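Colleague: Would you mind keeping the following structure in view while I ask a few things?
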Amino acid sequence: MDHNVEREPLPIFLRQVHLKKLSGHLYVTARDFHISLNLIKGILVNGMSTRFDEKLPVILHLMGRINEEQYNFLGGLHQFSDDQVAEILLDHNFAKKKDIYYARIYQLRRIAISTFSLQRGKWIFTAGEPDPPLRETYEIPLAGILIEGARTIDLISFYAGKWQFHIPVLFKEIPQDIEIYFTERERDFYTAVRRQSSLNCRELIARLNLLPMDFWRSVLAFHLLGILEFEKRAGSDDISRDIVALLELNQRMQDRSISDLELLGLPVSTAAVAIENARAELLARFAADRFGSAAAPEIKKIASQVCQRLQALMTRLDVDVLLPGQAQDWKFFPDAAPPAATVAAGAHEKAWELFLRSKELYEQREFTKAIPLLKQAIKLEPGQGDFYYLLGLCQSEVEIMKNDAEINLKKAVELKSWSADPVYALGILYRGQGKMKLAERCFQRVKEIAYDHTGASRELVDLRRQKAGSKNKAPFLKKKIF
């Protein structure tokens, strides 16, 4: 049975796959492409996409694993499968098996995350493990994909309409095994929502002074992992203010001199995503079923008419309000992550010159000399995960800068989500500080990104030996001496 993305968003279904550890084949079709994901016991094991920017050569070039000349040579192979391209890469010594392995991990995560941004399309899930078994499989837990995917969601109308008047119910604490996936800002958000345990989502947005987009992205990150649920508030909502606002909006809709954007209370230059979010909030606020039992039948009828006009609003805006230079805001391009910020050519070259000089100093163990150069590079080009990674490595070697090292390595983890290196470095930092539980979670995360990472494997073995040794000593320590 086909499911419509607008009515049954893929993030909600992937939540079930994760929590119930489902196995099966997910097939997604859109107007210009299709995506296929294979899942075994709640883990992503393989997949493919027909989109150009999710092809293996593009990913390898993006990651810096192949150069421009090699990439151009592969330009005519986009009709081949990823497995066939991988064989060609190996035959021509363009890439090593390790490079292809890391690229495939990043590619699969990118494909899965991109489904969170789909606005239109259909999907179907066929349960059961593949028969015959897949030729090549990976082990990519969905937890990290669900959180990163939640951060990319642009249209919040489905979620706001469904849960705007519900109360978020959270675990007392974020479980330790998934805490590593969340940013410090998200953890602070979780704490803030827990303190306001009696407020519904709409009230929380106002109380915490958050943009609706930021609120729903954060809420979804926790909900999709099963540590935040929604509870309907007992009793009916006080909707008297909403009735007044509904009648005012209905009256303004009769005035032909008022533009569509003015009806939404937005300036002329507003981007499409902001317009859609404002429209979604009004649709949820003035949904007819909210007025059925608490107001006169005429109010419900007016609510239906207002919502019909709001539903038709985006089509009119598409034709009448699009301004020159705004076309990119209106046409949606799903992707796993926002595009990198562009910088002036001179600043870009200077930043990388500083980085390369810092790398030389790091190799010479001149850490304190490398640190200020890296900070200058970050000012010139703040979106480069490599800069934060090297800065964190240098600060890790300076005792009084360990806290700064943790901050910069975490930033590198965010910017280089495909790379195991900053996560491994963060684990080494935690281990050196005696934070063994945090270190273990980092090394486990490394194994999720790069299963054959020997350093992480060795560290996990050492940590388990230490645990076993401490357990064996425990009975002796508990003995009474006298």
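The values are calculated or read from the model by the stated rules, or taken from the named source; none is laboratory data. Just so you know, these numbers come straight off a predicted model, no measurement behind them. Here the Cβ is made from the backbone with ideal geometry for all residues, glycine too, and neighbour counts use every protein chain on show.
Colleague: Only helices (runs of 4 or more DSSP H) wholly contained in the range 4-77 count here; list those with 2 or more residues that are without any contact (Cβ under 8 Å) to a residue 24 or more places away in the chain and touching a Cys at 6+ places or on another chain (Cβ under 9 Å).
Modeller: none
Colleague: Now for a different question. For the range 193-213, does any single residue satisfy the condition of being within 18 Å of the chain's Cα centre (by Cα) and assigned to a helix (DSSP H, G or I)?
Modeller: Within the range 193-213, one or more residues are within 18 Å of the chain's Cα centre (by Cα) and assigned to a helix (DSSP H, G or I).
Colleague: Can I ask one more? If you take the residues in the range 120-160 that are part of a helix (DSSP H, G or I) and of a type in the set (D, E, K, R), which one is nearest to residue 450 (Cα to Cα)?
Modeller: Out of the qualifying residues, it is 148.
Colleague: All but one of (1) in contact with a Lys or Arg (Cβ under 8 Å, 6 or more places away or on another chain); (2) within 21 Å of residue 439 (Cβ to Cβ); (3) modelled with pLDDT of 85 or more hold for residue 166, so report the exception by its number.
Modeller: So the condition that residue 166 fails would be (2).
Colleague: Look through 456, 405, 425, 450 and report the one residue that is out of contact with any Asp or Glu (no Cβ under 8 Å at 6 or more places or on another chain), in contact (Cβ under 8 Å) with a residue 40 or more places away in the chain, surrounded by 14 or more Cβ atoms within 10 Å (Cβ to Cβ) and of a type in the set (Gly, Ala, Ser).
Modeller: When all the criteria are applied, what remains is 450.
One line per residue, one yes/no per condition, for (1) within 26 Å of residue 131 (Cα to Cα); (2) of a type outside the set (Val, Ile, Thr); (3) modelled with pLDDT of 85 or more:
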| position | (1), (2), (3) |
| --- | --- |
| 15 | yes, yes, yes |
| 33 | yes, yes, yes |
| 50 | yes, no, yes |
| 60 | no, yes, no |
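Colleague: For the subset of the range 406-463 comprising residues that are within 17 Å of residue 101 (Cα to Cα), part of a helix (DSSP H, G or I) and of a type in the set (A, V, I, L, M, F, W, C), which member is farthest from the chain's Cα centre (by Cα)?
Modeller: Taking the candidates together, the pick is 456.
Colleague: Confirm whether residue 115 is within 14 Å of the chain's Cα centre (by Cα), among the hydroxyl-bearing types (Ser, Thr, Tyr) and under 26 Å from residue 158 (Cα atoms).
Modeller: Here the answer is yes, as residue 115 does meet what is asked.
Colleague: Please go through the range 240-273 and pick out each residue that is within 30 Å of residue 117 (Cβ to Cβ), at pLDDT 70 or above and in a helix (DSSP H, G or I).
Modeller: 249, 260, 261, 262, 263, listed by residue number.
Colleague: Going by the conditions given, is residue 69 acidic (Asp, Glu), assigned by TED's automatic domain parsing to the domain that holds residue 12 and at pLDDT 80 or above?
Modeller: When the stated conditions are applied, residue 69 does not pass them.
Colleague: Considering (1) charged (D, E, K, R); (2) modelled with pLDDT under 80; (3) in contact with an Asp or Glu (Cβ under 9 Å, 6 or more places away or on another chain), say which one residue 237 fails and leave the rest.
Modeller: (3)
Table: residues versus (1) buried (at least 21 other Cβ atoms within 10 Å of the Cβ); (2) at pLDDT 80 or above; (3) over 30 Å from residue 286 (Cα atoms).
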site	(1), (2), (3)
90	no, yes, yes
103	yes, yes, yes
108	yes, yes, yes
111	yes, yes, yes
124	no, yes, yes
129	no, yes, yes
150	yes, yes, no
157	no, no, no
177	no, no, yes
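Colleague: Those residues that are in a loop (DSSP other than H, G, I, E, B) and over 13 Å from residue 35 (Cα atoms), I need them from the range 87-119; list them, please.
Modeller: If the condition is that a residue be in a loop (DSSP other than H, G, I, E, B) and over 13 Å from residue 35 (Cα atoms), then 92, 93, 94, 95, 96, 119 are the ones that fit.
Colleague: Same structure again: Limited to the range 245-269, what total is found for residues that are surrounded by 16 or more Cβ atoms within 10 Å (Cβ to Cβ) and among the basic types (Lys, Arg)?
Modeller: The total comes to 0.
Per-residue answers, yes or no, for (1) modelled with pLDDT of 90 or more; (2) touching a helix residue (DSSP H, G or I) at 6+ places or on another chain (Cβ under 7 Å):
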| residue | (1), (2) |
| --- | --- |
| 2 | no, no |
| 8 | yes, no |
| 65 | no, yes |
| 95 | no, yes |
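Colleague: Name every residue in the range 162-175 that is in a helix (DSSP H, G or I) and surrounded by 15 or more Cβ atoms within 10 Å (Cβ to Cβ), in order of residue number.
Modeller: 163
Colleague: Could you tell me whether residue 124 is of a type in the set (A, V, I, L, M, F, W, C) and within 17 Å of residue 155 (Cβ to Cβ)?
Modeller: It is false that residue 124 is of a type in the set (A, V, I, L, M, F, W, C) and within 17 Å of residue 155 (Cβ to Cβ).
Colleague: How about the range 385-400: which of its residues are surrounded by fewer than 24 Cβ atoms within 10 Å (Cβ to Cβ), small (Gly, Ala, Ser) and within 15 Å of residue 415 (Cβ to Cβ)?
Modeller: 385
Colleague: Is it the case, given these coordinates, that residue 54 is charged (D, E, K, R) and either over 30 Å from residue 225 (Cα atoms) or surrounded by fewer than 19 Cβ atoms within 10 Å (Cβ to Cβ) (or both)?
Modeller: So residue 54 does not fit the description; no.
Colleague: Please work out if residue 56 is assigned by TED's automatic domain parsing to the domain that holds residue 138, over 17 Å from residue 136 (Cα atoms) and within 22 Å of the chain's Cα centre (by Cα).
Modeller: no
Colleague: Would the range 190-212 turn up any residue that is outside the structural domain of residue 410 (by TED's automatic domain parsing), under 30 Å from residue 435 (Cα atoms) and buried (at least 19 other Cβ atoms within 10 Å of the Cβ)?
Modeller: yes
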